[in-house]
Each structure stands twice: as structure tokens, then as C-alpha cells.
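A short write-up of the structure that comes next.
The values are calculated or read from the model by the stated rules, or taken from the named source; none is laboratory data. Note that the coordinates shown come from a computational prediction; the quantities given were computed from them, not determined experimentally. No Cβ is skipped: glycine too gets one built from the backbone with ideal geometry, and neighbour counts run over all protein chains shown.
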Amino acid sequence: MRFDAEFYRRFYEDPATRVASAAEAERLGDFICAYAAYLGVRVRRVLDAGCGLGHLRAPVLRHFPGARYTGLEVSEYLARRHGWVHGGLEDYRPPGAFDLVLCHDVLQYLDDRAAARAVANLGRLSRGLLYVSALTLEDWRAAADRSRTDGDVHLRPVDWYRRRLGRAFVALGGGLFARRGHAPVLWALERPSPA
């Protein structure tokens, strides 16, 4: 099993080898939730797709105390250990959509076909905001700490993701996207610059 206890110990728990700390995940969660609140998005249902150890759960519930949080995880080990829904993003079909969908560092673990299906599914799962990040080819070349970052992934150009996400979403900046037809009004300097 690739996503077993040793994988999570190495990349998420051991301070000597982890790629990010729980405190960094908390800050990311605070940013996502604060931006959602700023945009006036009413968050009642949250999907954390590829939730891992669940580091984004606490900030979500702190910012949106009445929200229902669903953690989706492909790792059978973590699903059992934390009570997450066991399954893959490309095939997940819950009843109803979510106000906020989080997809942090998941897509690079899927091959092209599965990743394309997962991105299309994000369009079905989200009725409001989507936060998405994935290690891209550009990140690997210019920004990733290769001594800590898992390089056993599918590295794709950022435009591969942008084209597919653009079918259902409008980029808001900071990794946040809004469902087409539900995008908030942003001033010109608040919007991401054209590529």
C-alpha cells in the first residue's frame, strides 16, 4: 500500500522529513475560510477531498461551526483510523453538492485519465467554492523542496489543470475557484492576472 502509515509518517508527521507542518495547514485553512467568508459564501457543507490526516478540518469548523465536514480519503489506513469516507475523488458520488470543496495535493497522485475524471467530478461536487492545489511540472522545477516533496507523482504543466478547471470554474486567486455562474464580483486588482 502506497498510502500506508509509513507514507504519512514520512511526509506529514516526522519533523525531519515532512513537507509541511500541521500549523502550516492550519494557516492555509484559515486563509481559505476567511476568503470564503469575505466573498459572502454561505458554507453549510464542506468536502475535503484527499483529507489525509484532516489538518484542514479544525479551521473549517472554527470558521463555519455549523458546517457539515466530510473527509474523503483513498487511503484505507487513514479512512479506518479517522473515520473518513473511503474512496477516490474521480469516482465519488455523494447525494448533493458542497458549498466548499478542498482538494489539496491530491491530483498529482492520479494518472492523466483519473486526474481528468477527478477534475470533472470537482465540477459536479462543488456548488460554490473550490480550493485546489497540485504539484505541477513548473513547481517541481522551480519551487519544490525535492528533499521533502514526494516526487513519485504525475507531473503535469499548470495549463493542463487550468484548462480543465476552466470548464466549470472561474479562478479567484490564491488557489480558490468559483463555480461558473456563481462567481462573486471582484475588482480588477483582486482577480488573478491573465497568464
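Residue 186 meets each of the listed conditions (1) surrounded by 12 or more Cβ atoms within 10 Å (Cβ to Cβ); (2) touching a residue at least 12 places away in the same chain (Cβ under 8 Å); (3) within 18 Å of the chain's Cα centre (by Cα) apart from (3).
Annotation note: of 141, 113, 162, the sole residue that is outside any loop (DSSP other than H, G, I, E, B), surrounded by fewer than 18 Cβ atoms within 10 Å (Cβ to Cβ) and under 15 Å from the mean Cα position of the chain (by Cα) is 162. Scan segment 81-106 for residues that are buried (at least 22 other Cβ atoms within 10 Å of the Cβ), among the aromatic types (Phe, Trp, Tyr) and not in a strand (DSSP E or B) and the total you get is 1.
Per-residue answers, yes or no, for (1) modelled with pLDDT of 95 or more; (2) in contact with an Asp or Glu (Cβ under 9 Å, 6 or more places away or on another chain):
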{"position": "111", "(1), (2)": "yes, no"}
{"position": "118", "(1), (2)": "yes, yes"}
{"position": "133", "(1), (2)": "yes, yes"}
{"position": "145", "(1), (2)": "no, no"}
{"position": "166", "(1), (2)": "yes, no"}
{"position": "178", "(1), (2)": "yes, no"}
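A single entry from 38, 12, 8 fulfils the requirement of being under 17 Å from residue 133 (Cα atoms) and of a type outside the set (S, T, N, Q): 12. For residue 21, the conditions (1) within 17 Å of residue 126 (Cα to Cα); (2) free of Cβ contacts under 8 Å to residues at least 24 places away in the same chain; (3) of a type in the set (S, T, N, Q) all hold with the exception of (1).
Assessment of segment 116-132 against the conditions (of a type in the set (D, E, K, R), in a strand (DSSP E or B) and over 13 Å from residue 49 (Cα atoms)) yields at least one matching residue. Consider residue 101 carefully, then state whether it is closer than 28 Å to residue 155 by Cα, in contact with a Cys (Cβ under 9 Å, 6 or more places away or on another chain) and modelled with pLDDT of 95 or more. The answer is no for residue 101.
Checked against the criterion of being free of Cβ contacts under 8 Å to residues at least 40 places away in the same chain, part of a helix (DSSP H, G or I) and under 28 Å from residue 124 (Cα atoms), segment 63-70 contains one or more residues that satisfy it. Within segment 47-75, the set of residues being buried (at least 19 other Cβ atoms within 10 Å of the Cβ) and charged (D, E, K, R) comprises 48, 57, 73.
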